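Participant: One structure, pasted below without further comment.
Quick note: the coordinates plus some simple rules give every number you see, no bench work behind them. Every value quoted in this text rests on a predicted model; they were computed, and no experiment measured them. So basically every Cβ, Gly included, is an ideal-geometry build from the backbone, and we count neighbours across all protein chains shown.
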Amino acid sequence: MAASPLPASDFVLQMRGISKRFGPVRALSDVSIGVRRATVHALCGENGAGKSTLVKILAGIYPPDEGTIELGNQRCLFAAPADAHGAGISMIHQELDLAEDLTVAENIFLGAEPRGTLPFTIDRRAMTAQTERLAAQYGFPVCAGAPVRSLPAGDCQIVEILKALRRGASLIVMDEPTSSLSEAEAVRLFEIVRQLRSRGLSVVYISHRLDEVLDLADDITILRDGKVVCSAPRSGLDVRALVHHMVGRELSDYFPQRAWVPGEVCFAVRGLSTAKEIHDVSFEVRRGEIVGMAGLVGAGRTDVARALFGVIPAISGEILLEGRRIEIKSPSDAIKLGVAYLTEDRKRTGLCLDLPCYWNITLPNLAVLGMDHFIRPGREAAVAAETASRINVKWGSPRAPAGSLSGGNQQKLLVARWLLAASRFLIFDEPTRGIDVGAKREIYSLLQNLSAEGRAILLISSELPELFGVADRILVMRGGRLIGDFVTQETTPDEIMHLAAVE
Amino acid sequence: MNKWVRQLLPFVSLVLIALVLSVLEPEKFLTWSNLLNVLRRSSVNLIVAVGMTAIIISGGIDLSVGSVLAFAGMVGAWPMLRTGGSATTIQAAIAGTSAGIAAGAICGLANGLLITKLKLPPFIVTLGTMSAFRGISYVMNEGQPYNVPDYTWLGSGDALGIPVSVLISAALVAFSALLLRYTPLGRYAYAIGSNRQAAFHAGINVDRNLIAIYTIGGLLVGVAAMIATSRTVSAQPTAGITLELDIIAAVVIGGASLSGGSGTILGTIIGTLLISFLRNGCTLLGISTNVQLIVIGAIIIAAVAVDQIARARAD
């Protein structure tokens with residue numbers, strides 16, 4: 001790649017020769033990175049490439065084994081996060097650390113509350129006023145007195161950013177900030193990031209979404225296996241180059257090609273409504289077909305899945321499986337009929353993270369295995385391991401806790417669960433959220449293999465490239481209604497986005 | 001590796017205590033009768049503790065076990081009083097024992113129903129039923145015990161040279177261990193305790209399984225109640241006060257996590273025996289029961305602290 005090195009002028013931050021080991025694992029070796037003033041510096045790489053370790057060193061969470069950190073021209077040593085804050089570095093973690101029951105203002109001033117006149121009191125009025133002034137200064141729409149619990153994910157991020165600004169941060173690190181945001185919230189966040197840059201702040205931006213990296217960044221550093229493989233201005237790079245650097249593969253492999261050969265209608269929904277969430281939704285999915293479902297967060301996509309799986313009750317409408325009308329009142333009904341649902345939040349509603357991997361695979365399948373009265377653990381583990389090996393799950397041992405696997409392998413554990421259940425209709429809700437490029441590609445070919453075996457698949461996704469890369473048809477939801485049903489080849493991302501986002 | 005250390009630690013402590021006592025008091029401690037005595041005394045706690053283990057694994061807690069012990073004992077003793085004359089007939093003893101066990105199971109069922117149908121936290125529900133069942137036990141005979149002088153076999157009888165109560169507790173412990181390891185109910189208890197939402201999305205009927213777990217827990221308390229009644233040949237409305245604390249301590253020392261999803265019957269056996277041997281040892285060494293409380297308190301905190309440190313290391 002012909003990418004020119006970064007001009008060595010005006011660095012606010014330089015990390016040089018950083019190395020870090022965890023026991024036998026070399027997380028970072030000789031990593032150097034320079035962040036220029038008033039720029040957005042994207043940090044890319046697959047999971048395990050060392051991005052998190054690097055920013056944790058920057059934030060004072062880990063000490064480096066070797067290497068130096070310079071801020072301005074001053075050498076720094078961060079022993080604790082408070083040191084990094086003091087030096088003007090603020091980190092916004094993927095899982096936001098806000099106190100949900102406190103208000104926006106209380107969160108922003110947590111630990112630095114303006115004092116009242118009486119000892120041990122807080123000047124709440126000053127706190128609110130300062131919060132409002134800060135928010136107005138940047139034009140952020142937040143209400144100082146609102147409890148954080150009541151805010152949508154995008155607003156929580158703004159509170160985190162305000163907290164960083166209140167501390168006087170000159171460099172903000174954002175770790176996967178858009179992973180829990182809707183498309184509209186993400187667009188607003190990009191505006192905010194640009195605004196921070198225009199006011200002279202530097203932003204280190206970690207993301208798996210290459211389109212947003214290319215959209216936002218001034219400079220891009222790519223890590224692979226704990227080493228810097230590329231550090232260059234954005235202008236010399238494109239998606240193909242990014243993917244190439246990250247995985248050493250070409251983009252053409254990213255979405256495996258396949259022929260669309262739909263069979264009989266497997267699953268049909270007619271006029272499905274729930275009490276509040278969705279209204280009069282009708283669609284069908286054929287055997288061997290992958291149907292994508294697009295829409296903004298809150299458009300009711302997940303609620304369709306939850307109604308079909310018996311998590312929330314349907315108040316009207318009918319569901320037909322292979323032509324037969326079926327009743328689904330609970331997940332247990334759905335599973336018995338061959339319907340599977342891989343939820344969007346695998347940690348919260350998917351896996352029992354501290355239980356063994358093979359227990360997680362067999363959890364809904366004890367009856368299928370003929371173990372509904374008596375479990376034979378040896379046979380159970382063998383069957384689970386055999387199923388897992390069919391889709392190439394990598395684990396230390398079937399008895400290792402599910403939480404010890406990487407995100408991609410955790411997702412595959414859930415796929416193995418439904419393979420064993422011999423599910424005929426599978427709903428995947430954001431299956432590639434928070435997993436790295438290599439694992440994503442594996443999930444895509446898994447989806448295609450499942451459909452090639454004659455299963456019907458509904459793929460809910462917020463990433464349009466993913467829908468266009470994998471789905472045969474694309475449904476669009478908005479405001480709880482199904483408002484579009486397209487053959488993928490006959491539509492464009494612009495059309496889908498417009499339909500999903502414009503009233 | 002760390003996991004093994006964690007599981008072995010209570011066991012090693014148990015062996016150490018036994019060794020120390022054998023050296024200090026060889027004549028008193030290392031006798032068949034003393035060991036049987038400790039086991040006999042442990043049997044009531046052990047039976048209650050295995051039920052509590054399943055409940056804690058499922059992410060719950062049962063604070064009402066002590067009150068249920070008293071209530072089930074009172075219910076069980078009642079039929080034995082009404083047979084007239086001086087001796088309790090075999091039939092009355094069987095009827096009473098069954099009634100006591102059934103009363104325990106019904107209390108457990110009530111806990112389970114309140115927790116699942118009203119969607120209340122187990123801590124709150126069983127805090128309430130702890131008080132209510134205790135109150136009922138007092139009301140039944142105006143605070144007086146029911147004396148059943150002939151009801152001795154369960155508590156002090158022997159079979160094949162081993163106390164009947166020890167045999168019963170061994171059988172129930174084995175049954176519970178099999179239940180937890182080899183049946184869907186046991187598996188689902190772990191799954192619900194580990195991640196209730198995930199268990200629900202995997203098609204598990206969470207409510208039905210939780211009700212079953214609390215009912216079995218109550219049934220086991222019912223059995224323990226009849227053994228306790230038989231041992232003292234009277235059903236005391238004051239029986240089992242603060243029993244829940246000893247039981248929860250034993251389960252936690254045995255390695256179960258109060259946040260659910262982990263714990264084993266083997267651990268609970270060790271935890272229960274550890275407390276029993278400590279009590280026995282202190283008594284043999286002439287340490288007062290008041291000081292025993294301090295020792296046991298320290299052991300509970302130490303056991304959980306070691307557990308936390310081991311977990312932190314493992315992460």
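Participant: From the phi angles alone, apply the Karplus equation (6.51, -1.76, 1.60; θ = phi - 60°) to the stretch B:258-269 and give each ³J(HN,Hα) in whole Hz, x where the residue is Gly or Pro.
Facilitator: Using θ = phi - 60°, the values come out as 5, 8, x, x, 9, x, 9, 5, 4, x, 5, 4 Hz.
Participant: So, in nm, how far is label A:ASP372 from label B:ILE241 when the simple model puts each one 7 Å beyond its Cα toward the Cβ?
Facilitator: In this crude spin-label approximation the distance works out to 4.9 nm.
Participant: Pick from B:VAL65, B:VAL148, B:VAL295 the residue whose mean-square fluctuation is largest in a GNM of chain B, springs joining Cα atoms under 10 Å.
Facilitator: Maximum fluctuation in the GNM of chain B, among the listed residues, is at B:VAL295.
Participant: Right, another one. Could you tell me the center-to-center distance, by alpha carbons, between the stretch A:164-241 and the stretch B:216-252 in angstrom?
Facilitator: Going from one Cα centre to the other spans 62 Å.
Participant: Continuing with the same structure: Taking Cα pairs under 8 Å and at least six residues apart, what relative contact order does the stretch A:346-422 come out at, in percent?
Facilitator: 49
Participant: Could you work out, residue by residue across A:352-358, how many beta carbons of other chains sit within 10 Å of that residue's beta carbon, and then give the average as an integer?
Facilitator: Counting other chains' Cβ atoms within 10 Å and averaging over A:352-358 gives 5.
Participant: Return the sequence-ordered ³J(HN,Hα) values of the stretch B:102-112 in whole Hz as given by the Karplus equation 6.51 cos²θ - 1.76 cosθ + 1.60 applied to θ = phi - 60°, using x for Gly and Pro.
Facilitator: The phi angles translate into 4, 4, x, 4, 5, 4, x, 4, 4, 4, x Hz.
Participant: The stretch A:55-101: which GluC sites (Glu not before Pro) are DSSP loop and have at most 15 other beta-carbon atoms within 10 angstrom?
Facilitator: Taking the stretch A:55-101 and a limit of 15 other Cβ atoms within 10 Å, the loop GluC sites (Glu not before Pro) found are A:GLU95, A:GLU100.
Participant: So for the stretch A:11-248, averaging the separation of alpha carbon pairs under 8 Å that are six or more residues apart and normalising by length, what relative contact order in percent results?
Facilitator: 28
Participant: Where in the stretch A:251-302 are there trypsin sites (Lys or Arg not before Pro) that are in a DSSP coil and have at most 12 other Cβ atoms within 10 angstrom of their Cβ?
Facilitator: Within the stretch A:251-302, the qualifying trypsin sites (Lys or Arg not before Pro) (loop, at most 12 other Cβ atoms within 10 Å) are A:LYS276.
Participant: Residue by residue through the stretch A:267-273, which ³J(HN,Hα) values in whole Hz follow from phi under the Karplus form 6.51 cos²θ - 1.76 cosθ + 1.60 (θ = phi - 60°), with glycine and proline marked x?
Facilitator: 9, 10, 10, 10, x, 6, 9
Participant: Within 11 Å, Cβ to Cβ, of A:GLY271, how many net charges do the neighbouring residues add up to if Lys/Arg are +1 and Asp/Glu are -1?
Facilitator: -1
Participant: Could you tell me the relative contact order of the stretch B:2-314? Use alpha-carbon pairs under 8 Å, at least six residues apart, and round to a whole percent.
Facilitator: Computed over the stretch B:2-314, the figure is 34 percent.
Participant: Considering only A:ILE192, A:ALA146, A:GLY34, whose Cα is most displaced toward the positive end of the charge dipole of the stretch A:11-248, charges sitting on Cβ of Lys, Arg (+1) and Asp, Glu (-1)?
Facilitator: A:GLY34
Participant: Here's something else I'd like to know. From zero up to wherever the largest Cα-Cα distance of chain A sits, split into 10 Å bins and tell me the percent of pairs in each.
Facilitator: Result returned by the calculation: 4, 17, 26, 25, 18, 9, 2, 0.
Participant: Rounded to the nearest 500, what is chain B's calculated 222 nm mean residue ellipticity when only DSSP H runs of at least 4 contribute -39500 (n - 2.57) each, over all residues?
Facilitator: -25500 deg cm²/dmol
Participant: Quickly estimate the mean residue ellipticity at 222 nm for chain A, helices only: each DSSP H run with n ≥ 4 gives -39500 (n - 2.57), and the total goes over all residues, rounded to 500.
Facilitator: The helix contribution divided over chain A gives -9500 deg cm²/dmol.
Participant: Continuing with this model, one more query. How many angstrom lie between the C-alpha centres of the stretch A:451-503 and the stretch A:351-418?
Facilitator: For the stretch A:451-503 versus the stretch A:351-418, the Cα centre distance is 31 Å.
Participant: For every other residue with a beta carbon closer than 12 angstrom to the beta carbon of A:SER423, add +1 if it is Lys or Arg and -1 if Asp or Glu, then tell me the sum.
Facilitator: After counting each charged neighbour, the total is +3.
Participant: Another question, if that's okay. So how strong a dipole does the protein assembly as shown carry about its Cα centre when Lys and Arg Cβ are +1 and Asp and Glu Cβ are -1, to the nearest 20 debye?
Facilitator: Roughly 1320 debye, rounded to the nearest 20.
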